[in-house]
Amino acid sequence: QMQLVESGGGLVQPGGSLRLSCAASRSIFSNNLMGWYRQAPGKQREMVAVISRASTTNYANSVKGRFTISRDNAKSTVDLQMNSLKPEDTAVYYCRALPPLDSWGQGTQVTVSS
């Protein structure tokens, strides 16, 4: 069964930090590109960061230097460390196993507000 479960969202003040975690079933995780995406109200879903099995990473320009994606292949988890958060980072964040599997988690809300 393919499954992705996110955790770690919440409310944080501007400048604060949050860490998101995604637990994946092994059938999804083992050889797959994994990523974090987000969707703000009224906007299209966008890529935040992706990571290969070898931990090669790619980030959206808007989060470079502030967010860090990592994965633990033994535990089948992929995390997103978010620092220096801004109000414009407010969104629902989704974990994704990229194509060919193309599986999504249910999302976790991140709200950056004072």
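For this structure, a couple of remarks:
- Distance (nanometres) between label positions extended 7 Å along Cα→Cβ at Leu11 and Glu46: 2.5 nm
- Hypothetical label at Ser84: residues of region 25-67 whose amide nitrogen lies under 14 Å (7 Å Cα-Cβ projection): 61-67
- The Cα center of region 12-32 and the Cα center of region 35-91 differ in position by 8 Å.
- Cleavage-rule hits, trypsin sites (Lys or Arg not before Pro), region 38-114, DSSP coil, Cβ neighbours within 10 Å at most 16: Lys43, Arg45, Arg53, Lys64, Arg66, Lys75
- In this Cβ point-charge picture (+1 for Lys and Arg, -1 for Asp and Glu), region 39-114 has a dipole of about 100 debye about its Cα centre.
- Positive contributions from Lys and Arg (+1) and negative ones from Asp and Glu (-1), summed over other residues with Cβ under 14 Å from the Cβ of Ala97, come out at +2.
- Residue-averaged [θ]222 nm for the chain, counting only DSSP H segments that reach four residues, each worth -39500 (n - 2.57): -500 deg cm²/dmol
- Cα gyration tensor category, rounded, prolate or oblate, for region 46-96 with a/c compared to 1.5: prolate
- Computed from Cα atoms alone, the Kirkwood hydrodynamic radius reported for the chain is 13.9 Å.
- Projected label distance in nm at Ser70 and Ala23, using a 7 Å step from Cα toward the beta-carbon: 1.9 nm
- The residues of the chain have, on average, 51 Å² of accessible surface per residue, using a 1.4 Å probe with all protein chains present.
The values are calculated or read from the model by the stated rules, or taken from the named source; none is laboratory data. In this text, all values refer to a predicted model and were calculated from it rather than measured experimentally. Please note: Cβ atoms are built from the backbone with ideal geometry, for glycine as well, and neighbour counts cover all protein chains shown. The area values use the complete protein model at the heavy-atom level, side chains included, leaving out ligands, DNA and RNA. Shrake-Rupley method; radii C 1.70, N 1.55, O 1.52, S 1.80 Å.
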